[in-house]
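The values are calculated or read from the model by the stated rules, or taken from the named source; none is laboratory data. Quantities reported herein were computed from a predicted structural model and do not represent experimental measurements. Here the Cβ is made from the backbone with ideal geometry for all residues, glycine too, and neighbour counts use every protein chain on show.
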Amino acid sequence: MIAAEVFNEAKKFISNCYTELGKSQSEIDQRLVHIQQQIDQHGTYEHTCLELEYGSKLAWRNSNRCIGRFFWESLQVFDHRSLTDEKSIADALLQHIEYATNNGKIRSTISIFQQSMVVNGSLKEVRIWNHQLLRYAGYVQKDGSIIGDPASISFTKQCIALGWKPLCGAYDILPLVIQIDDRTPVLFEIPATIVKEVPIEHPTSQAISDLNMRWYAVPIVSDMLLEIGGVSYTAAPFNGWYMGTEIGARNLADKDRYNKLVDIAKALHLNTSHASTLWKDQALVELNIAVLHSYKKEKVTIVDHHTAAVQFKQFERKEQDAGRSITGRWSWLVPPLSPATTDLFHVSYNDVEQSPNYHYQASPYQHHNL
């Protein structure tokens, strides 16, 4: 992004941010003069702590794929832009896991590291190789079968190449992998003492409980780019809490993930001879019942998809009352279980990307030679 474009994005963000925060036009103008000076000298500018915090919250508010935006103002922001070595960054990520987990009472949190910039022709940035800070490994066996999470196979191979010793279990927490600039990535183990996991039990079916499924408490997305006013943060892991269907209708149910529906059906003695028996539907509902029951039993924050849909409608009303338009991506907002039973199913949304926002970025290890 050239300097003029950076300033234009900064101007839009500062004007919006400062107006919402009740600041005067003179404060906006004064801040923009200072930003222009920084851009003239360095090609970019630095956010104040206030701008970083509010910008992160606005990015959540603008995230078209998120059904949980009702809580955008509660986001806890950790400013780690001063950290310049892998060990300090890893320590901050472990702090994030502990703080966000909060012994099960999940706190929406974001940790933001130094911004991406070009210095003397070289790109300076921090990258976290993990898709989520907490994620299970995936291993391909000699016979082609898979142990663990198939979605993690590629990253698991990278971790092993970096020296990680695999346990070859179905639910092995992967280590953190951190890269600064073009330096060799560094691997850090996550202490088991800070990882809260939930054993998946069914309230009435012991056979389902005996499948020994489990999942971790907090989904901390760590490979997306946070953009605020023309400034990019390539390492800004963030979390809310799980909606039950993310685990029960996707992570544990999808064919290309843990693929547990057949096992659930067997545990319930369902007739799987024909799709028309709707055994998949029955198994899916019972798996989701088990997930919600288990998280509540362990006192870990979770929300069912019906409640989440109601909360999103509350978010819509608040935004409309504030005079802001509602944007969203229907395919992400509508839950994968019983979607037609929610109000979201019957509404169309304008899928326009607004800034600030979170964006996908290319995997840092796709073209990295270890």
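Details
- When residues in segment 80-106 are screened for being surrounded by fewer than 17 Cβ atoms within 10 Å (Cβ to Cβ), closer than 18 Å to residue 233 by Cβ and among the acidic types (Asp, Glu), 1 of them pass.
- Criterion applied to 246, 286 was being of a type outside the set (A, V, I, L, M, F, W, C), buried (at least 16 other Cβ atoms within 10 Å of the Cβ) and closer than 21 Å to residue 60 by Cβ, and the one residue passing it is 246.
- Which listed residue is among the small types (Gly, Ala, Ser) and under 28 Å from residue 225 (Cβ atoms), from 138, 144: 138
- Taken together, the residues in segment 65-109 that are more than 27 Å from residue 245 (Cβ to Cβ) and among the basic types (Lys, Arg) amount to 2.
- Meets criteria (surrounded by fewer than 20 Cβ atoms within 10 Å (Cβ to Cβ), modelled with pLDDT of 95 or more, among the hydroxyl-bearing types (Ser, Thr, Tyr) and within 17 Å of the chain's Cα centre (by Cα)) for residue 74: yes
- Residue match in segment 107-121 (condition: under 24 Å from residue 355 (Cβ atoms), touching a Lys or Arg at 6+ places or on another chain (Cβ under 9 Å) and of a type in the set (Ser, Thr, Tyr)): yes
- A Cβ distance below 9 Å, combined with a sequence gap of six or more or placement on separate chains, defines the contacts here; from segment 172-193, residues that are under 17 Å from residue 85 (Cβ atoms) and modelled with pLDDT of 95 or more reach residues that are part of a loop (DSSP other than H, G, I, E, B) and among the small types (Gly, Ala, Ser) in the pairs 176/222; 178/235; 187/163.
- Within segment 245-297, the residues that satisfy the criterion of being outside any helix (DSSP H, G or I) and either over 21 Å from residue 149 (Cα atoms) or hydroxyl-bearing (Ser, Thr, Tyr) (or both) are 258, 268, 269, 270, 271, 272, 273, 274, 278.
- A Cβ distance below 8 Å, combined with a sequence gap of six or more or placement on separate chains, defines the contacts here; from segment 11-24, residues that are more than 16 Å from residue 49 (Cβ to Cβ) and touching a residue at least 24 places away in the same chain (Cβ under 8 Å) reach no residue that is part of a loop (DSSP other than H, G, I, E, B) and among the aromatic types (Phe, Trp, Tyr).
- Filter result (out of contact with any Phe, Trp or Tyr (no Cβ under 6 Å at 6 or more places or on another chain), over 19 Å from residue 245 (Cβ atoms) and surrounded by 22 or more Cβ atoms within 10 Å (Cβ to Cβ)) within segment 197-226: 222
- Residue match in segment 46-57 (condition: in contact with a Lys or Arg (Cβ under 6 Å, 6 or more places away or on another chain) and in contact (Cβ under 8 Å) with a residue 40 or more places away in the chain): no
- Exactly one residue out of 133, 162 is farther than 17 Å from residue 257 by Cα and crowded, with 18+ Cβ neighbours inside 10 Å, and it is 133.
- Summed over segment 92-149, the residues that are assigned to a loop (DSSP other than H, G, I, E, B), under 23 Å from the mean Cα position of the chain (by Cα) and not polar (S, T, N, Q) give a count of 11.
- Selection status of residue 300, in a helix (DSSP H, G or I) and either under 24 Å from the mean Cα position of the chain (by Cα) or touching a residue at least 40 places away in the same chain (Cβ under 8 Å) (or both): no
- The set of residues from segment 307-328 being closer than 30 Å to residue 196 by Cβ and out of contact with any helix residue (DSSP H, G or I) (no Cβ under 7 Å at 6 or more places or on another chain) comprises 307, 308, 310.
- Residue within segment 106-113 that is in contact (Cβ under 8 Å) with a residue 60 or more places away in the chain and of a type in the set (Phe, Trp, Tyr) present: yes
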